[in-house]
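To keep things clear, I will list the structure first and then write my remarks on it.
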Amino acid sequence: MTPKDSDPIIDETREIRHRISERCGHDSYKRVAYYMELQAQHPERLLGAAKGADKSASAQESAPMSVPLTRELIHRALENTAWDHANSVLYDLCAQHPGHDRDDVIIAKLWLIGRTYAAAIERRRTNLDAAIGDAFYEDFVSPTIRKSGMNDWFRVIANDSHNDVSLSLNVHRKVIDLFSEISGLEKRSLASKYLHFHFPHRFYIYDSRARRAVRELTRSVTIHIPPLDVQDREYASFWFRCEALNGAIQNMIGRRLTPRQLDKVLLWYVSGSTAPSGTAVSSDAPTGADTD
């Protein structure tokens, strides 16, 4: 920009952004967390839905939610619920039986996780040439998974001590492709949940409610997805938004949340935007059918 084209307001804005970047050590994740902390502290400055706006389902999906993310909401979301033990059973099942060599183990894990979280692999499947009912799991689902490379994929993750994001997203894409081969659908949500129960500190739980909440809470943040070998771009965007939000929450309460805890916060946030004051909301209870 030449001196005659210089704009004082733009120059001042750039200078402020540069100072903020210096304060954050020019770390993009720290900058995102800083901006989101400001957003949480000053929700009144955010652009809200216009008065008299269309109240259709599509408008409600994209409209900003009315409940700000506060320390109180976070702490309430993290309280124990009646569903925590049920989730512990699924974590224990996957921890005690991490492999995919036995049909009974494969069926137990996929059936229980899928059915519990309204993301069953047989739901809305388009591969109707395969068997139906119990035979679908016994004759098609389990053998397909057993013969896949899932054991190798999971073993690589288990041996990765650096929490390689590219590796995580690559394996998620492979699980989507495998479930697509079985059902004819992408099953993005089921893939995230199945991976989460095997690697609880590595995979964020993706579903329509969590996606809506994290997009709302990071709507002012530009997410740059680094070039990766293989990924599902929708889940990759969701994962990086969860990371950005987790950084902001760490600034608010002094610690990072696990993927399970962040899921609780996201679902509390969604439910709290419509629930009457004082209504108890469980983020862990099995819910209606989810979208993939």
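The values are calculated or read from the model by the stated rules, or taken from the named source; none is laboratory data. Quick caveat, the model's predicted, so the values are computed rather than measured. In this analysis, Cβ positions are derived from the backbone assuming ideal geometry, glycine residues included, and neighbour counts consider all displayed protein chains.
Brief remarks follow.
- Test result for ARG173, within 17 Å of PHE240 (Cβ to Cβ) and modelled with pLDDT of 95 or more: yes
- Which numbered condition ASP152 fails, given (1) crowded, with 18+ Cβ neighbours inside 10 Å; (2) modelled with pLDDT of 95 or more: (1)
- The one condition in (1) touching a residue at least 60 places away in the same chain (Cβ under 8 Å); (2) closer than 22 Å to ASP101 by Cα; (3) in contact with a helix residue (DSSP H, G or I) (Cβ under 6 Å, 6 or more places away or on another chain) that ALA158 fails to fulfil: (3)
- Just one residue in the set THR218, THR222 is buried (at least 21 other Cβ atoms within 10 Å of the Cβ), polar (S, T, N, Q) and farther than 14 Å from TYR117 by Cβ; that residue is THR218.
- Enumeration of residues in segment 133-149 that are at pLDDT below 90 and hydrophobic (A, V, I, L, M, F, W, C): ALA135, PHE136
- In segment 48-106, residue surrounded by the most Cβ atoms within 10 Å (Cβ to Cβ) [restricted to those that are hydroxyl-bearing (Ser, Thr, Tyr) and at pLDDT 50 or above]: THR81
- Any hit, segment 183-193, residues being closer than 24 Å to GLY114 by Cα, over 15 Å from the mean Cα position of the chain (by Cα), of a type in the set (S, T, N, Q) and modelled with pLDDT under 95: yes
- SER237 being of a type in the set (S, T, N, Q), assigned to a helix (DSSP H, G or I) and buried (at least 20 other Cβ atoms within 10 Å of the Cβ): no
- Scanning segment 122-132 turns up no residue that is within 23 Å of the chain's Cα centre (by Cα) and either modelled with pLDDT of 95 or more or not in a loop (DSSP other than H, G, I, E, B) (or both).
- Scanning segment 175-217 for residues that are under 23 Å from ILE249 (Cα atoms), in a helix (DSSP H, G or I) and of a type in the set (Asp, Glu) gives a single hit, GLU216.
- Looking across segment 227-256, the residues that are more than 15 Å from ARG173 (Cα to Cα), in contact (Cβ under 8 Å) with a residue 40 or more places away in the chain and of a type outside the set (D, E, K, R) come down to ALA244, LEU245, GLY247, ALA248, ILE249, GLN250, ASN251, MET252, ILE253.
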